[in-house]
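The values are calculated or read from the model by the stated rules, or taken from the named source; none is laboratory data. This one's a predicted model, so the numbers in the text were calculated from it and none came from an experiment. Cβ sites come from the backbone with ideal geometry, for glycine too, and all protein chains shown count toward neighbours. Calculation scope for accessible area: heavy atoms of the full protein, side chains included, ligands and nucleic acids excluded. Shrake-Rupley method; radii C 1.70, N 1.55, O 1.52, S 1.80 Å.
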Amino acid sequence: MNKIIKVKVPQNEEEFVNLFATVIDNFREAGEDLPEYFDEPNIADDCEFEEIFTDYLQKYYECETEKRLDFLGEKDNFYLIEIK
């Protein structure tokens, strides 16, 4: 069953710095079981959303799960990610 994760687009510096943690929290709130190493402090404090998506989440899902992630785009100040 496919699932859509919505992540709020950062509107200020604080939200940008905390974007990685926000993305991970949104995935967990949607029922995704992500490893604890995603909780490491400062793991990706200065990464853009695209880097977080491709370098962390997409690679994790490719290597460690049987699921696939697709970036659907941005709508109404949210990034939309589909888990297949």
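Please find, within the range 10-51, the residue that is farthest from E62 (Cα to Cα) out of those that are in a helix (DSSP H, G or I) and of a type in the set (S, T, N, Q). Ranking the candidates gives T22 first.
Looking only at the range 28-64, which residues are of a type in the set (G, A, S), within 12 Å of the chain's Cα centre (by Cα) and exposed (fewer than 14 other Cβ atoms within 10 Å of the Cβ)? Once the filter is applied, which keeps residues that are of a type in the set (G, A, S), within 12 Å of the chain's Cα centre (by Cα) and exposed (fewer than 14 other Cβ atoms within 10 Å of the Cβ), the range 28-64 yields only A30. Of all residues in the range 65-77, those satisfying the criterion of being open to solvent by 100 Å² or more (accessible area, probe 1.4 Å) and either in a strand (DSSP E or B) or without any contact (Cβ under 8 Å) to a residue 12 or more places away in the chain (or both) are E66, E74, K75, D76.
Take the conditions (1) open to solvent by less than 30 Å² (accessible area, probe 1.4 Å); (2) part of a helix (DSSP H, G or I); V7 misses just one of them, which is (2).
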